[in-house]
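A.B. asks: Encoded as C-alpha cells, here's the structure I'll be asking about.
Coordinate-derived values only; no laboratory data. Note that the structure is predicted; figures quoted are calculated from it, not measured. Glycine gets a Cβ as well: all are built from the backbone with ideal geometry, and neighbour counts include every protein chain shown.
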Amino acid sequence: MSVSVPSALSQWGLAEAHAEFVAQRENEVWKVVQGPDAYALRFHRPGYRSDAELISELAWMSMLAVNGLRVPRPVPCSDGAFLGQAGGRRVSLLTWLDGAPIGAVGHLSDGADPRRLCRQIGRAMAELHDRTDAWEPPEGFTRPDWRAEGLLGDSPLWGRFWAHPDLETTERDLLLRVRAHARRDLQRLGETLDRGLIHADLLAENILADGAQIAFIDFDDAAWGYRDFELATLLLKFRDRPYFAEMRAGLCEGYARRRAVSPETLDFMLLLRALTYPGWIAARMDEPGATERSRRAIATALTLANDYLEGTPR
C-alpha cells in the first residue's frame, strides 16, 4: 500500500481501514472498506484541476446525491472540508456505489438489452440535467467550459485535434475545414442549444447498473457544455456496433420523457465529441495502448468529418 494512503485516510478517521488499489487514470483510486462501509479514495493528479474546480465538482455531486440521484456522495474530512492533502496531492473521499459497469469501450455487457438499458440511462441523464438546472451553484463555483471555444477554439480543452502528429497533410486540412464549418454551425444554432452543467464523460465504464437502477461515477471531467454532447459521449464509442441504432433510439426515448432532444443536433454533437479525442490522445502517447487508441480516434474523427461535409451524418 502507498504510504500516502493511511496518511490520507487519517483525515477521515479511517487510518486503520482496509484499502485496495483500483485504478490509475486522471486520478489514482483506492477502494476503502471499514466494517459495512465502503468508500472511494481519490488522489487527484497534480495540476489537472485547481482546488476551486475540485471543490465545485464535489459540491455538484453532493447536491445530486442529496436529491436522490445515484452518484457517489462526497464525504467531508474531520475538519469539515471536502479536500484533504497527502503525499503532495489533493485527496477526496466518496461513498462507494454498488453495481457493475454497463460495458467497456465499444461493448455492452453480455445479456444487456441495448434499447431498454439506454432508455433507463436516458431517463437518468435527463434527471441529472433537471436537478442541475434547478440548482444555484455556490459562489466561486468553477468548472471547465466545453462549449464553442472549448471544442473548436484556437486552444480547445483537450488540445488541437487538427495538430495530431500522426495526421497526413490532407487529413489535417480536412479537420481544419470541418472546424471552420462547425464553428459557423454552432454560431447559427446559438441559443437554441440546451446548455448547462454536464458530466461530460458518461462512457460505458462510468455508468453502473444494479438491477433497474442506474448510477453515474467519475465526475472528474464535469463541465459547462451542451446537453446533447452528454448523450453523444456515450453513443460515439458504439457507432460501429450492430446495436447502435437500438442504443440511440433507447437513449433518446428515455431522455425525451423529461427533456427535449434533437436528432439533428445529436448528429452534430457526435462529430464534435469525435473531434476531441485526437487532441486528448496526442498528449498521452507514452501510455500503454496509446498507439491503437490514437489510430481509432483519428479514424473516427476523419469518418465523421467526411460525413459531416458530405451532409450525411450517421
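A.B. asks: For the stretch 1-74, state which GluC sites (Glu not before Pro) are in a DSSP loop and have at most 16 other beta carbons lying within 10 Å of their beta carbon.
C.D. replies: Qualifying residues, ordered by number: 16, 26.
A.B. asks: Based on the alpha-carbon gyration tensor of the stretch 76-115 and its eigenvalue square roots a ≥ b ≥ c, which shape applies: rounded if a/c is under 1.5, prolate if not and a/b is larger than b/c, or oblate? Please report the intermediate quantities before stating the final value.
C.D. replies: Working: a/c = 5.29, a/b = 2.82, b/c = 1.87.
Prolate, because a/c is 1.5 or more and a/b exceeds b/c.
A.B. asks: I've got another one for you. What does the extension gain come out to for residue 224 and residue 52, with contour length at 0.36 nm per residue minus their alpha carbon separation?
C.D. replies: 60.4 nm
A.B. asks: Gain in length, residue 187 to residue 45, computed as 0.36 nm per residue apart minus the alpha-carbon separation, to one decimal in nm?
C.D. replies: 47.7 nm
A.B. asks: Here is a follow-up. Scan the stretch 45-111 for trypsin sites (Lys or Arg not before Pro) in coil per DSSP, keeping those whose Cβ has at most 13 other Cβ atoms within 10 Å, and list them by number.
C.D. replies: The qualifying sites: there are none.
A.B. asks: Using only Cα atoms and rounding to the nearest 10 degrees, what angle (0 to 90) does helix 169-189 make with the longest principal axis of the chain?
C.D. replies: So the helix axis and the longest Cα principal axis differ by about 80 degrees.
A.B. asks: Which value, in debye to the nearest 20, describes the size of the charge dipole of the chain about its Cα centre when Lys and Arg Cβ atoms bear +1, Asp and Glu Cβ atoms bear -1, and nothing else is charged?
C.D. replies: Around 480 debye, computed over the chain.
A.B. asks: Here's something else I'd like to know. Per the helix-only calculation at 222 nm, which mean residue ellipticity applies to the chain, given -39500 (n - 2.57) for every DSSP H run of n ≥ 4 and division by its residues, nearest 500 deg cm²/dmol?
C.D. replies: Rounded to the nearest 500, the figure is -14000 deg cm²/dmol.
A.B. asks: Follow-up. How far is helix 227-236 tilted off the main Cα axis of the chain, in degrees rounded to 10, range 0 to 90?
C.D. replies: 80 degrees
A.B. asks: Let me ask another. Sort 171-184, 228-241 for me by packing, meaning the mean count of neighbouring Cβ atoms within 10 Å per residue, highest on top.
C.D. replies: 228-241, 171-184
A.B. asks: How big is the gap, in Å, between the Cα center of the stretch 255-270 and the Cα center of the stretch 197-250?
C.D. replies: Their Cα centres are 13 Å away from one another.
A.B. asks: Would you mind giving the average projected area, over all directions, of the Cα convex hull of the stretch 4-97 in nm² with one decimal? Provide the component values of the computation, followed by the final result.
C.D. replies: Values: hull surface 23.2 nm².
Value for the stretch 4-97: 5.8 nm².
A.B. asks: Something else: Select from the stretch 68-163 those GluC sites (Glu not before Pro) which occupy a DSSP coil region and have at most 13 other Cβ atoms within 10 Å, ordered by residue number. Could the numbers behind the result be given before it?
C.D. replies: Numbers: sites: 127, 139, 149; in loops: 139.
Here the GluC sites (Glu not before Pro) that fit, given the DSSP loop and packing criteria, are 139.
A.B. asks: Calculate how steeply helix 263-282 sits against the longest principal axis of the alpha-carbon atoms of the chain, using the helix alpha-carbon long axis, and give the answer as 0 to 90 degrees to the nearest 10.
C.D. replies: In the chain, helix 263-282 runs at an angle near 70 degrees to the longest axis.
A.B. asks: If R0 is 25 Å, what FRET efficiency do you get for residue 292 and residue 169 from their C-beta distance, rounded to 0.05?
C.D. replies: It comes to 0.60.
A.B. asks: In whole percent, what relative contact order does the chain give with Cα contacts below 8 Å and a gap of six or more residues?
C.D. replies: 19 percent
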